[in-house]
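The values are calculated or read from the model by the stated rules, or taken from the named source; none is laboratory data. Note that the structure is a prediction, hence the values are computed from the model and not measured. Please note: Cβ atoms are built from the backbone with ideal geometry, for glycine as well, and neighbour counts cover all protein chains shown. For accessibility, only protein heavy atoms count, side chains too; no ligands or nucleic acids. Shrake-Rupley method; radii C 1.70, N 1.55, O 1.52, S 1.80 Å.
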Amino acid sequence: MRFDLTDLRLFLNVHESGSITAGARRSHMTLASASERIRGMEDTLGVALLLREPRGVAPTPAGRTLAHHARVVLGQMDRMRGELDHYGQGLKGHVRVLCNTTALSEYLPAVLGAFLKDHPRISVDLEERLSHEIADALRAGACDIGVLADSADLHGLRTRIFRHDPLTVIVPRGHPLADLPSVMLADAAGYEFVGLVEGSALQEHIAHHARRGGKALSYRVRLRSFDAVCRMVGQGVGIAIVPRVAAVRYGRAAGVCRVPLADDWAARDLVLCVRDALPAYAAELVEFALRDAPADASMDASVPSARTAGVREDTRVRTTSPRPRRSG
């Protein structure tokens, strides 16, 4: 059995994306080349690795076993590169980061921009997912770093508080809720809402808690950014639930009023999580990201700090929009 690292990374990309086309794109291959490689792997093993379905592919038991070992091998290679970078500048580091809606829109662009500017040999894949999906991906070894809400199951992960991230209700000036000291979701649920597009991690998170309370939120319009949501609320179209940081950033210009959301689940923190020890360049990114963390950021001090300087040259960030039907 002879699989090279390209085969393993391709198969892992196909497994994680659920599509040979998407896996080929992530691997910078043509669809024909990717399909041929996967058929070659199956021929070599004498067993099917993927089940071809109308909407993509699903791994067979053999495929799941291969994906597990591929993560181990590729993770070890990344750690080796990080260790060897101390001795030379010829290698490049790659970090995969999964994050929820707020982290993607409000915090990580500035953090990653500043870090990557000074570390031009490090590249980052940044993708939005639901918080519970991020935790599962970390435990499965499918990403290096996760930034997610602390409401997710963090069992088995090393965590640090990244930012305080309470949710708030925004309403137009003069709205019946505007003068209240706080409001519960159950009391706000009867109003028309403005929200993010379907599939947004935050929007699905809010919908989940509404369903738990026996409520169904009615949306008049769904938009792609917190700025647009705030402006639409300011025009009197409806009310919205957004992170307080977004309400502060965009609310004044939009002419909205902030009303604290009193539900326990709304008083949340964003946490930065890893599972195992990271390559030096990824650990340095963690250390950099936590520079502006709250003073009480020590949930678990075992998140490793960087041991060596970052590598140099050829930086890029690839950001993936949320998949359909995702939440967080």
Picked from the range 198-220 (must be touching a residue at least 40 places away in the same chain (Cβ under 8 Å) and in contact with a helix residue (DSSP H, G or I) (Cβ under 8 Å, 6 or more places away or on another chain)), the residue farthest from Cys99 (Cα to Cα) is His209
Any idea which of (1) at pLDDT 95 or above; (2) not in a helix (DSSP H, G or I) is the one Leu278 doesn't satisfy? (1)
For the range 59-74, check the following and say yes or no: at least one residue is within 23 Å of Ala152 (Cβ to Cβ), modelled with pLDDT of 90 or more and touching a Phe, Trp or Tyr at 6+ places or on another chain (Cβ under 9 Å). yes
Do you know which residues across the range 221-245 are among the aliphatic types (A, V, I, L, M) and touching an Asp or Glu at 6+ places or on another chain (Cβ under 6 Å)? Val245
Taking the criterion of being buried (at least 21 other Cβ atoms within 10 Å of the Cβ) and touching a His at 6+ places or on another chain (Cβ under 8 Å), would at least one residue in the range 236-251 satisfy it? yes
Out of the residues in the range 123-173 meeting the condition of being hydrophobic (A, V, I, L, M, F, W, C) and assigned to a loop (DSSP other than H, G, I, E, B), tell me which one is surrounded by the fewest Cβ atoms within 10 Å (Cβ to Cβ). Ala140
Restricting to the range 286-307, name every residue that is buried (at least 20 other Cβ atoms within 10 Å of the Cβ) and either in a helix (DSSP H, G or I) or at pLDDT 95 or above (or both). Val286, Ala289
Report, by residue number, each residue of the range 42-62 that is surrounded by 13 or more Cβ atoms within 10 Å (Cβ to Cβ), of a type in the set (A, V, I, L, M, F, W, C) and part of a strand (DSSP E or B). Leu50, Val57, Ala58
Has the range 159-178 got at least one residue that is closer than 30 Å to Val14 by Cα, in contact with a strand residue (DSSP E or B) (Cβ under 9 Å, 6 or more places away or on another chain) and of a type in the set (D, E, K, R)? no
Touching a residue at least 12 places away in the same chain (Cβ under 8 Å) and either closer than 28 Å to Leu108 by Cβ or open to solvent by 30 Å² or more (accessible area, probe 1.4 Å) (or both), is that true of Leu223? yes
Just a yes or no: is a residue in the range 219-228 over 24 Å from Asp136 (Cβ atoms), part of a helix (DSSP H, G or I) and touching a strand residue (DSSP E or B) at 6+ places or on another chain (Cβ under 7 Å)? yes
I'm told Asp85 meets every condition in (1) under 22 Å from the mean Cα position of the chain (by Cα); (2) modelled with pLDDT under 90; (3) among the acidic types (Asp, Glu) except one. Can you identify the failing condition by its number? (1)
Subset of the range 6-41, residues open to solvent by less than 20 Å² (accessible area, probe 1.4 Å), among the β-branched types (Val, Ile, Thr), more than 20 Å from Gly141 (Cβ to Cβ) and within 27 Å of the chain's Cα centre (by Cα), comes to none
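Test Ala283 against the criterion of being in a loop (DSSP other than H, G, I, E, B), touching a helix residue (DSSP H, G or I) at 6+ places or on another chain (Cβ under 9 Å) and closer than 30 Å to Gln76 by Cα, and give yes or no.
In short, no.
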Residue that is farthest from the chain's Cα centre (by Cα) [pool: residues in the range 248-272 that are under 30 Å from Leu138 (Cα atoms) and assigned to a helix (DSSP H, G or I)]: Asp264
For the range 1-50, give me each residue that is β-branched (Val, Ile, Thr) and in contact with a helix residue (DSSP H, G or I) (Cβ under 9 Å, 6 or more places away or on another chain). Thr6, Val14, Ile20, Thr21, Thr30, Ile38, Val47
